Amino acid sequence: MLHAAHASFDLGSLERGSCLDGRLAELRGRSVVLAVADQALAALALIELDGLARRVVLCPADVPPEHLPHVIATAEADAVVSDGTAALPSLPTDALFVAKPPKTSAAEVERQPQRTTEWVLLTSGTTGVPKLVVHSLDSLTRPIASSPARGPLPLWSTFYDIRRYGGLQVFLRAMLGGGSLVLSSAGEAVGAYLERAAALGATHILGTPTHWRGALMSPSVRRIQPRYVRLSGEIADQVILDHLRDCYPDAGLVHAFASTEAGVAFEVADGKSGFPADLTGARIADVDIKVEQGSLRLRSPRTASRYLGANAEPLRDADGFVDTGDMVEQRGERCYFVGRRGGIINVGGQKIHPEEVEAVINSHPQVRLSLVRARKSPITGALVIADVVLCSDAGAGDSRSLEQEIKEHCRARLPRHKVPATINFVPALEVSASGKLERRNA
Amino acid sequence: MTVRTDVLAEFQKVAQEQGKKLAPLSDGLVLLESGLDSLCFAIIVARLEDRLGVDPFNASAQADFPVTLGDFIRFYENAAAR
């Protein structure tokens with residue numbers, strides 16, 4: 001079952017009907033852009049298109065309409081499936097399809113898979129224009145086969161959009177494992193989603209650390225009683241792991257390394273941030289893991305095969321490794337993610353990963369969330385500054401003394417060039433569509 | 001508060017935060033002998049920009065960079081007067 005906010009869908013309904021209104025056969029062998037805002041409808045269309053279309057491009061609900069022509073051209077798409085509401089670039093009528101809740105179709109459609117469909121995911125490039133990443137059902141489901149579900153069937157729930165890698169993993173787990181999935185709706189508040197997931201009895205719940213920090217601000221977070229809590233997509237620092245452990249003492253708490261390009265690489269289940277250093281240089285299941293020039297590199301059948309587009313850069317190196325661009329630092333027996341390669345702040349020649357400073361700021365008891373960024377300096381090139389969101393019970397006191405207190409907290413734990421020169425208290429931080437902190441000038 | 005008192009206050013505050021021993025402040029004090037390093041000056045310049053709304057170091061076609069504390073204060077007084 002797929003539980004959306006407005007309705008629930010029995011996947012069996014696809015055996016008797018189609019959400020593509022009897023036009024499914026027309027999509028055979030085509031390159032299809034799936035641009036349906038509603039997650040449940042998109043999920044049903046996706047199930048129908050796999051094995052039929054040559055290629056399916058999964059557009060999350062929030063892809064800006066001005067990027068659609070680029071996506072359509074890069075994917076060499078000759079069909080677009082929408083929900084009929086989106087503003088679409090002008091296309092021939094026979095290329096336009098509208099997905100609707102399943103109805104019994106007059107014409108029987110051959111359901112046997114006829115081909116291996118390319119599943120194409122969008123990932124935000126550095127310029128904001130999406131890059132198209134080619135997966136297959138095989139590469140996407142590899143991580144799932146290696147972690148079989150135990151006990152009663154799970155009821156999955158996720159803050160992710162299922163058209164993004166993290167959400168698609170949840171969707172496929174639910175589909176292949178026979179469980180059900182609670183989908184969030186566009187514009188649905190975190191609290192409302194959690195209430196719905198709680199009412200349905202969600203057992204497994206997944207999101208980014210930023211999703212979770214948002215969820216922990218909602219009183220509804222204590223209404224769910226999950227057996228399994230998972231974080232991926234960003235660095236899971238010790239504070240967020242401790243908060244979740246505190247909130248759900250009986251749940252399995254896992255943080256995973258995964259990216260759209262590299263797939264799911266490994267999971268860490270000991271409740272501590274970072275990962276055991278002996279994973280580097282190792283082969284875990286079907287994943288080769290190494291750290292080279294400071295960044296994590298992965299080779300496995302779980303990675304995407306390539307980027308689409310005429311001038312696309314190679315996605316793997318000559319040895320088949322994907323460079324994740326995630327920088328790793330070893331401290332003792334543990335490796336820690338310290339940030340993205342491109343996100344480094346250079347203060348007078350000293351390199352700083354914003355995430356490392358954020359982890360320290362976030363460990364202050366009155367801080368909910370922080371974003372560390374560069375400020376231009378005529379003296380040192382750049383300075384570290386921080387935007388800080390305080391816990392809801394903080395803020396009653398004097399903000400200047402709290403600013404000093406947070407700086408002292410940083411000074412006790414970081415070299416001085418990493419301590420924020422100024423701290424701005426802000427009511428909220430911008431979170432990108434994929435559930436990660438928006439890093440504009442990083 | 002005048003520009004002068006703002007500048008002197010930031011010197012003292014940053015020196016204290018950064019654990020630097022500040023030389024006695026006088027207009028003739030050579031900045032490089034003040035006990036502050038480049039990180040301290042970067043922070044002072046950023047905070048003065050927030051406070052006064054000017055960054056004379058970044059303004060185009062400026063006069064020479066200040067050498068003494070007196071130069072530094074005049075640097076800001078001139079920029080603030082613009």
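The values are calculated or read from the model by the stated rules, or taken from the named source; none is laboratory data. Please read all numbers here as calculations on a predicted model, not as lab measurements. Methodologically, a virtual Cβ is constructed for each residue, glycine included, from the backbone with ideal geometry; neighbour enumeration extends over all protein chains shown.
One table, with the values for the structure above:
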read-out	value
Sole exception among (1) more than 14 Å from chain A (Cβ to nearest Cβ); (2) at pLDDT 90 or above; (3) surrounded by fewer than 20 Cβ atoms within 10 Å (Cβ to Cβ) for B:Gly19, by number	(1)
Residue under evaluation A:Val388, criteria (1) more than 14 Å from chain B (Cβ to nearest Cβ); (2) surrounded by fewer than 16 Cβ atoms within 10 Å (Cβ to Cβ); (3) at pLDDT 85 or above; (4) part of a strand (DSSP E or B), criterion not met	(2)
Conditions (1) of a type outside the set (A, V, I, L, M, F, W, C); (2) within 14 Å of chain A (Cβ to nearest Cβ); (3) farther than 30 Å from A:Ala412 by Cβ: number failed by B:Glu49	(3)
Check on A:Lys418, under 23 Å from B:Asp55 (Cβ atoms), of a type outside the set (Val, Ile, Thr), touching a Cys at 6+ places or on another chain (Cβ under 8 Å) and surrounded by 18 or more Cβ atoms within 10 Å (Cβ to Cβ)	yes
Residue in region B:36-44 that is surrounded by fewer than 20 Cβ atoms within 10 Å (Cβ to Cβ) and within 14 Å of chain A (Cβ to nearest Cβ) present	yes
Complete set of residues in region A:301-333 that are in contact with a helix residue (DSSP H, G or I) (Cβ under 6 Å, 6 or more places away or on another chain), farther than 18 Å from A:Pro130 by Cα and surrounded by fewer than 19 Cβ atoms within 10 Å (Cβ to Cβ)	A:Pro301, A:Gln330, A:Glu333
Counted residues, region A:178-192 - those being touching a Leu at 6+ places or on another chain (Cβ under 9 Å), free of Cβ contacts under 8 Å to residues at least 40 places away in the same chain and crowded, with 16+ Cβ neighbours inside 10 Å	1
Residue satisfying all of: in region A:346-378; of a type in the set (S, T, N, Q) and farther than 27 Å from A:Met217 by Cα; farthest from the other protein chains (Cβ to nearest Cβ) among these	A:Asn346
Count of residues meeting criterion [surrounded by 15 or more Cβ atoms within 10 Å (Cβ to Cβ) and modelled with pLDDT of 90 or more] in region A:425-438	3
Subset of region A:391-415 (residues that are within 13 Å of chain B (Cβ to nearest Cβ) and at pLDDT below 90)	A:Arg400, A:Pro415
Single unsatisfied condition, A:Thr123 versus (1) at pLDDT 90 or above; (2) not assigned by TED's automatic domain parsing to the domain that holds A:Tyr228	(1)
Condition met for B:Val30 (at pLDDT below 95 and away from chain A (no Cβ under 14 Å))	yes
Sole residue being small (Gly, Ala, Ser), part of a helix (DSSP H, G or I) and within 28 Å of A:Gln404 (Cα to Cα), chosen from B:Ala23, B:Ala15, B:Ala79	B:Ala15
Every residue from region A:294-337 that is outside any strand (DSSP E or B) and in contact with a Pro (Cβ under 8 Å, 6 or more places away or on another chain)	A:Arg302, A:Glu333
Looking only at region A:57-91, and only at residues there that are small (Gly, Ala, Ser) and surrounded by 15 or more Cβ atoms within 10 Å (Cβ to Cβ), the one that is nearest to the chain's Cα centre (by Cα)	A:Ala61
Qualifying residue in region A:367-375 (condition: more than 20 Å from A:Val268 (Cα to Cα), in a strand (DSSP E or B) and of a type in the set (S, T, N, Q))	yes
